[in-house]
Structures are given as C-alpha cells and as structure tokens.
Amino acid sequence: MTTEEAKKIRIADYLHSLGYSPVKQQGVNLWYKSPFREENEPSFKVNTEREQWFDFGLGKGGNIIALAAHLYATESVPYILKRIEEHTPHVRPVSFSFHRQSATEPSFQQLDIVQLSSPALLSYLQERGINTALAKRECREAHFTNNGKRYFAIAFPNISGGYEIRNRYFKGCIAPKEISHIRQSGEPRKACYVFEGFMDYLSFLTLRLESCPQFPDFDRQDYMVLNSVANVSKALYPLGSYERIHCFLDNDRAGMEALQQIRKEYDNTRHIRDASHIYSGCKDLNEYLQKRAETKKQAQSIKVKTPPNKPGGFRL
C-alpha cells in the first residue's frame, strides 16, 4: 500500500475497522470518544468532507497517516502503511452468534493469525486492567470472516492448535476446544498454576509484575488455562506431573466443582492450594484486578497516598 492509496481510505471506515464508532453526527462532522484515552464525552472529531480528524484533548489532528502514527506511536511510514493495509478490507467488530452457522458451513473462514497490535483490542485489554506488553507476549490476533463479514479478536492458543478468541463484543473458540499448557524451558517445574480463562492468567501476570516489577519470576512455575471448566478432565493427566497445584478458579459453583475434581484426583498425592481467597468477594481474578485498579485510580484522584504493595502478595 502506498501513501496515496492509504489517503483514499475514509477515516470513519478506518476507525470502524479498529472498533470505534461515532457517538454523534453534526453535519459533516462525526464525533467519537477518543481512541487515545478513556473518556465519557466525545472529544475526537472527524470531518468527512475534508477527511481530517482533530483530537481536542491532544490539540492535534491531521489525515489518516497522522492518525495511524498516533495510534501506533511511530513515525515509520512503511510500518504505518502496513498496519493500515492489515485492516482493509474493513473488519467490523459487531456482536453475532456463532450458533447461526449451518451445520455444513465453517464458523470461521479466511482465518489469519497475526501479531496482536490492534488499538481497539489493546484498549479493551487496558480497560480490563491487563498489561498490554504481557498480552502481546502471550496472545495473538485473529482476523476472520463470519457470515460474509470480517471480524477481529484477541486469540489465545491452546495445545491442539485452536484458539480462544475475544473482543469487547463477544467471546468464542476456534476449534478444537482444548486446554492451554504453558511450560517453561529448562528443568521441569514442580508447580503449576491453574486458571479458568486466559483473562485470569493475564491478570495474574499483571498483578505479579505490579507486585514485583524487578523480579516477577514468571518462569518459576508452569501454567495451565482450562479455557472452560468443562475441560477440567483434560487437565487431570498433565497436572499429575507436578508436586504442587495452585488453583485460581472462579468464585462460583462451577469453579468450586472444578477444584473438587482436581482434589478428588490428587489430594492424597499432591499439594493442592485453593488461591481464590486472594480475590474473595470477586467473581474471578480479573474482576479483582479491575477493582484494584479502580481503587488506585480513585485514591490518586483525591491525592491520597495509597499503602505500598506488599511484596509476595502474588508470589505463591
């Protein structure tokens, strides 16, 4: 894609392909909540006649090239053009049901797995409190067609070549449905931390990094993500190779039943720890992370010094 070709793409279409929709329209102007930050009132304007944008919070604007430069925090034109090209033809992240497919029609067509880089997806992860650098390391980005329309989502790989996929509008699975098992290199680890979904796994990594930024020791143990409590039976055999199993499952009936299945299998031969007390009062670890982040944000807004994180809070 050349610069001139990129400039022929409507800014509104490009923003739509990234997951941003206008809040209101005033004549030739479309108003958005800024893609550069969280806000309640729209302060980002697109003039559809001149194909120019202006962000009143930044005090800056320009054409589609300038927009992508700000979104991806780079001045490299080849990189910017590559990113714009990746999102055309335009993907439209709207809600749909995977169950509307016919029995003979594949749920996902024209599947393309690429590096996680979409500003819309990274913004969604930030809203959930996830460290995006860690997410980029652990996840990919899926582009696919469903019912003739293009979509994109965060893609988390499992051990059988499938992916758990999610964006702010839906979550699903690119078959086969399986567990994800993250093993460290080198000597076999003695402990494995078990999570119900990959958002909880990413939440754990984020919390550990916040607690111990210099030495998070991510590789001290292996990790297993069930990707559904229905997969707990598939996790039992590989968990048998560990001396210690730490479970970060949901604080609900399904999570407790999954924990009991693991305990029933290994309670007499393995040390099994229920770590859900850490996020007591929350449904899961990600909800705990979000509430913790909101508490910090409120404390900072009223200039109250928050107590320091206790080292070891997530060094299980």
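The values are calculated or read from the model by the stated rules, or taken from the named source; none is laboratory data. These figures come from a predicted structure and were not determined experimentally. Note that we place each Cβ from the backbone using ideal geometry, even for glycine, and neighbour counts take in every protein chain shown. Each accessible area value is taken on the protein alone, full model and side chains, heavy atoms only, with ligands, DNA and RNA left out. Shrake-Rupley method; radii C 1.70, N 1.55, O 1.52, S 1.80 Å.
Worth a mention:
- Other residues with beta-carbon under 13 Å from the beta-carbon of G197 carry, at +1 per Lys or Arg and -1 per Asp or Glu, a net charge of -3.
- Take every Cα pair under 8 Å whose residues are at least 6 apart in sequence, average their separation, divide by the length of the chain, and the relative contact order is 11 percent.
- Portion, in percent, of the accessible area of the chain that falls on carbon or sulfur, probe 1.4 Å: 49
- Accessible area (Å², per residue) of the chain, counting only protein heavy atoms and a probe of 1.4 Å: 51
- Extension gain (nm, one decimal) between Q26 and Q298, 0.36 nm per residue minus Cα-Cα: 94.5 nm
- Rolling a 1.4 Å probe over the protein heavy atoms leaves I278 with an accessible area of roughly 40 Å².
- Of all aspartates and glutamates in the structure, those lying under 15 Å Cα to Cα from K291, and not within fewer than 8 positions of it along the same chain, are E127, D200, E210.
- Order by protection proxy (mean Cβ within 10 Å, highest first), peptides 259-271, 163-175: 163-175, 259-271
- Along its first, second and third principal axes, ordered by size, the range 1-40 spans 36, 25, 12 Å in Cα coordinates.
- Peptides 137-143, 46-52, ordered by how many other C-beta atoms sit within 10 Å of their residues on average, highest first, read 137-143, 46-52.
- Relative to one another, the C-alpha centroids of the range 170-217 and the range 1-75 are positioned 35 Å apart.
- Greater than 19 Å apart at Cα, pairs in K8/K82; K234/K264; K149/K171; K33/K136; K8/K60: K33/K136; K8/K60
- Mean residue ellipticity, 222 nm, helices only, the chain: the sum of -39500 (n - 2.57) across DSSP H runs of n ≥ 4, divided by residue count and rounded to 500, is -9000 deg cm²/dmol.
- Selected from A299, C282, H70, residue furthest toward positive end of dipole (the chain; charges at beta carbon): A299
- Summed side-chain charge close to G62 - residues other than G62 whose Cβ falls under 13 Å, Lys, Arg +1, Asp, Glu -1: +1
- For the peptides 153-160, 210-217, 229-236, the ranking by mean Cβ contacts within 10 Å, running from highest to lowest, is 153-160, 229-236, 210-217.
- The base-10 log of I(q)/I(0) for the range 176-316, evaluated at q = 0.17 Å⁻¹, reads -0.94 [Debye formula, identical scatterers on Cα atoms, solvent excluded].
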